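Visitor: Shown below is the structure under consideration.
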């Protein structure tokens, strides 16, 4: 049976193939092939004469991308809305199974047409629009209408879905409850079981008798998209300024790219942090692993989150982590490792106290590694398979020629 997966991703068409420079490459979509074939990813696509370094194929054997009109940002999205309505209506008229990755414009529009048609669908809830579309994240003008509209749409989708999967264990389920009894919980992160075979990765802290520092400075790591401000990098930069002012020898590496990168770079310069902050842009997953291995502390200062994959990857490698007390982060980190969202002073204090206490950091590393083990690949794959089979079971029987 064919499955159409509505996604908020943006893709580039280059020399006859489709690429992504921001994650969710072919390996991600190929997971749906465990139950369905072919897999059609419904998303925005634009032609490209070149592609960024490190871009990866999104299409491949059994996976194709159905191109929707391309836009970036709310202003452009409003202008392209008539074309998006027409194209998503055509998609929703297809015969097959449907899975909506929500919240998002594409999933909302496809879901709207499917509801009108009376055709069942499954949903994967990956975030919370109430926080992600706050005025602090996207600006007051767009937040005023986008947040209530998207929140209402997500609640309706959860009530109408034939089955629902959430990235969190509790948080999103409580805010956006499904009416169906068929609900599932799994993360899209890929944590090989081998990461947990021998306990906390050796060699990270054993030589640290006083403090964490491996070199002349403590290395902080931030991983996240810079497309919206809700990842909270501006808060981390302010906290870094406070820490440096207290004499802490810190450096920060930022992995991620997006439209706000230049503004963050300017903020770092204006704060006198240009020589302490390295903006590395988007890097492939293998390079992310290298950065995680070199870091002393992972910081996730988000204003909102679902269940952050980057945080789980850091925890799986035995890295001490600090995060905001929002979304699904408290499901992963202990209360003592959390700070209020948007509070740079609290974050600075937490960074200082953690890095100056090797007993605390070693305990954090062990605790994080154990927690991440609950999200190892074999466990997540089994739950994902149950969800996909329920989507297939919920889809009306099709003639053989339409499968």
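Visitor: Taking residue 364, is it in contact with a strand residue (DSSP E or B) (Cβ under 9 Å, 6 or more places away or on another chain), under 22 Å from residue 194 (Cα atoms) and buried (at least 17 other Cβ atoms within 10 Å of the Cβ)?
Guide: yes
Visitor: Considering (1) part of a helix (DSSP H, G or I); (2) over 18 Å from residue 187 (Cβ atoms), say which one residue 280 fails and leave the rest.
Guide: Of the numbered conditions (1) part of a helix (DSSP H, G or I); (2) over 18 Å from residue 187 (Cβ atoms), the odd one out for residue 280 is (1).
Visitor: Can you say whether residue 292 is within 16 Å of the chain's Cα centre (by Cα), under 25 Å from residue 185 (Cβ atoms), in the same structural domain as residue 348 (by TED's automatic domain parsing) and buried (at least 18 other Cβ atoms within 10 Å of the Cβ), as far as the supplied structure shows?
Guide: Taking the combined requirement at face value, the residue does not satisfy it.
Visitor: Take the residues in the range 107-130 that are surrounded by fewer than 20 Cβ atoms within 10 Å (Cβ to Cβ) and not in a loop (DSSP other than H, G, I, E, B); name whichever of them is modelled with the lowest pLDDT.
Guide: Among them, the one singled out is 130.
Visitor: In this structure, does residue 387 turn out to be touching a strand residue (DSSP E or B) at 6+ places or on another chain (Cβ under 6 Å) and either farther than 27 Å from residue 126 by Cα or assigned by TED's automatic domain parsing to the domain that holds residue 184 (or both)?
Guide: It is true that residue 387 is touching a strand residue (DSSP E or B) at 6+ places or on another chain (Cβ under 6 Å) and either farther than 27 Å from residue 126 by Cα or assigned by TED's automatic domain parsing to the domain that holds residue 184 (or both).
Visitor: Also, I was wondering about something else. Residue check: is residue 70 in a loop (DSSP other than H, G, I, E, B), out of contact with any helix residue (DSSP H, G or I) (no Cβ under 7 Å at 6 or more places or on another chain) and at pLDDT 95 or above?
Guide: In short, yes.
Visitor: Another question, if that's okay. Return the residues of the range 36-51 that are out of contact with any strand residue (DSSP E or B) (no Cβ under 6 Å at 6 or more places or on another chain) and more than 18 Å from residue 16 (Cβ to Cβ); say none if nothing qualifies.
Guide: Answer for the range 36-51, where residues must be out of contact with any strand residue (DSSP E or B) (no Cβ under 6 Å at 6 or more places or on another chain) and more than 18 Å from residue 16 (Cβ to Cβ): just 37.
Visitor: Considering only residues that are within 25 Å of residue 199 (Cβ to Cβ) and either within 16 Å of the chain's Cα centre (by Cα) or part of a helix (DSSP H, G or I) (or both), which ones fall in the range 304-327?
Guide: Hits for the range 304-327 are 307, 308, 309, 310, 311, 312, 313, 314, 315, 316, 323.
The values are calculated or read from the model by the stated rules, or taken from the named source; none is laboratory data. Bear in mind the structure is a predicted one, so any value in this text is a computation, not a measurement. FYI the Cβ positions are ideal-geometry reconstructions off the backbone, even for glycines, and counts take in every protein chain you see.
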